[in-house]
Amino acid sequence: MPERSTKLEPVRSCGDESVDAGRGPGQLGWYEFARRFVKGKSVLDVGCGTGKGLDLLASSAALAEGQDLDERLARQNVRIAPLEAIPSGSYDIAVSIDVIEHVQDPKSFLGQLKRIARQSIFLSTPNWTASRCQWPFHLREYTPQEFYEELSQYGKVTLFKGTSDGSKVFPVKYPRLHFLQNRLRVFHATAFATRCLNVILPARSRIHSSNAAWVSFE
């Protein structure tokens with residue numbers, strides 16, 4: 001199996017100085033999918049960037065606010081502050097779309113989300129099986145099994161998979177089979193056959209480029 005990247009980069013490093021670098025509308029499908037979980041709830045969009053996804057959440061949530069670290073992203077409903085500065089239990093739900101792969105301490109990051117959210121969290125992140133952490137500003141990526149095991153420490157996990165933009169999302173109905181399928185895809189002896197099979201399988205049964213999870217504390 002290829003080695004994982006161990007180099008450290010600054011949190012949310014995107015590779016240039018533009019305010020919208022790495023924060024474009026490329027994951028809006030995941031925000032659209034997350035709307036179903038935040039209906040009538042208060043929600044914090046962690047790492048909200050330019051706020052396009054936050055606006056989608058606001059169309060469904062009772063209260064939607066964002067958090068980021070870049071002062072240029074400040075707006076009326078966006079906190080420019082570290083997560084540690086946000087009071088415990090101040091939102092029903094925390095949403096984090098393609099952020100965890102950028103943070104230096106994911107366990108601390110998840111702990112902060114759990115502390116801030118009263119009920120649950122929703123996250124998406126690239127699937128290492130598909131992308132192998134080749135993007136230089138990702139500190140780590142997770143296989144579906146690693147993602148599930150990491151999040152299971154915080155609550156009941158419901159897994160999803162989908163395209164990187166979230167335009168197609170599927171529930172993972174059989175997690176153990178999905179984990180095995182991903183392992184076979186990266187094992188040298190079975191990788192080619194698994195890749196070929198992935199092309200002809202129905203979309204709901206394929207390995208996809210993104211992981212997502214709904215973690216309930218209740």
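The values are calculated or read from the model by the stated rules, or taken from the named source; none is laboratory data. Predicted model, so just to flag it, every value in this text is computed and none were measured. Backbone-built Cβ (ideal geometry, glycine too); neighbour counts: all protein chains shown.
Descriptive notes on the structure:
Residue-by-condition table, conditions (1) surrounded by 13 or more Cβ atoms within 10 Å (Cβ to Cβ); (2) of a type in the set (S, T, N, Q); (3) part of a helix (DSSP H, G or I); (4) touching a Leu at 6+ places or on another chain (Cβ under 7 Å):
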| residue | (1), (2), (3), (4) |
| --- | --- |
| Ser164 | yes, yes, no, no |
| Ser167 | yes, yes, no, no |
| Gln181 | yes, yes, yes, no |
| Ala189 | no, no, yes, no |
| Asn198 | yes, yes, yes, no |
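- Failed item, numbered, when Asp55 is tested on (1) more than 15 Å from the chain's Cα centre (by Cα); (2) more than 19 Å from Asp165 (Cβ to Cβ); (3) of a type outside the set (Lys, Arg); (4) at pLDDT 95 or above: (2)
- Residues in the range 123-148 that are part of a loop (DSSP other than H, G, I, E, B) and either of a type in the set (D, E, K, R) or more than 9 Å from Asn211 (Cβ to Cβ) (or both): Arg132, Cys133, Gln134, Trp135, Pro136, Phe137, His138, Leu139, Arg140, Glu141.
- Tally, over the range 202-211, of residues that are surrounded by 12 or more Cβ atoms within 10 Å (Cβ to Cβ) and not in a helix (DSSP H, G or I): 6
- The single condition among (1) touching an Asp or Glu at 6+ places or on another chain (Cβ under 6 Å); (2) over 18 Å from Val157 (Cα atoms); (3) crowded, with 19+ Cβ neighbours inside 10 Å that Thr125 does not meet is (2).
- Whichever residue in the range 81-114 is among the charged types (D, E, K, R) and surrounded by 14 or more Cβ atoms within 10 Å (Cβ to Cβ) and, among such residues, is nearest to the chain's Cα centre (by Cα): Asp98
- Selection count, the range 60-80, where residues are surrounded by fewer than 16 Cβ atoms within 10 Å (Cβ to Cβ) and among the small types (Gly, Ala, Ser): 2
- Residues that are of a type outside the set (A, V, I, L, M, F, W, C), out of contact with any Gly (no Cβ under 6 Å at 6 or more places or on another chain) and closer than 15 Å to Val215 by Cα, drawn from the range 97-122: Lys107, Gly111, Gln112, Lys114, Arg115, Gln119, Ser120
- Every pair of residues 6+ apart whose Cβ atoms lie under 6 Å, when the first sits in the range 152-177 and is among the polar types (S, T, N, Q) while the second is crowded, with 18+ Cβ neighbours inside 10 Å: Thr158/Trp214; Ser164/Ser210; Ser167/Gly29
- A search for C-beta distances below 9 Å between a residue of the range 48-59 that is surrounded by fewer than 24 Cβ atoms within 10 Å (Cβ to Cβ) and any residue that is assigned to a loop (DSSP other than H, G, I, E, B) and among the acidic types (Asp, Glu), counting only pairs 6+ apart in sequence or on different chains, returns Thr50/Asp20.
Conditions (1) at pLDDT 95 or above; (2) in contact with a Lys or Arg (Cβ under 9 Å, 6 or more places away or on another chain), marked per residue:
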residue	(1), (2)
Pro25	no, yes
Gly29	yes, yes
Phe33	yes, no
Lys39	yes, no
Ala74	no, no
Ser90	yes, yes
Leu113	yes, no
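- Checking each residue in the range 81-116 for being touching a residue at least 40 places away in the same chain (Cβ under 8 Å) and on the phi > 0 side of the Ramachandran plot picks out only Asp98.
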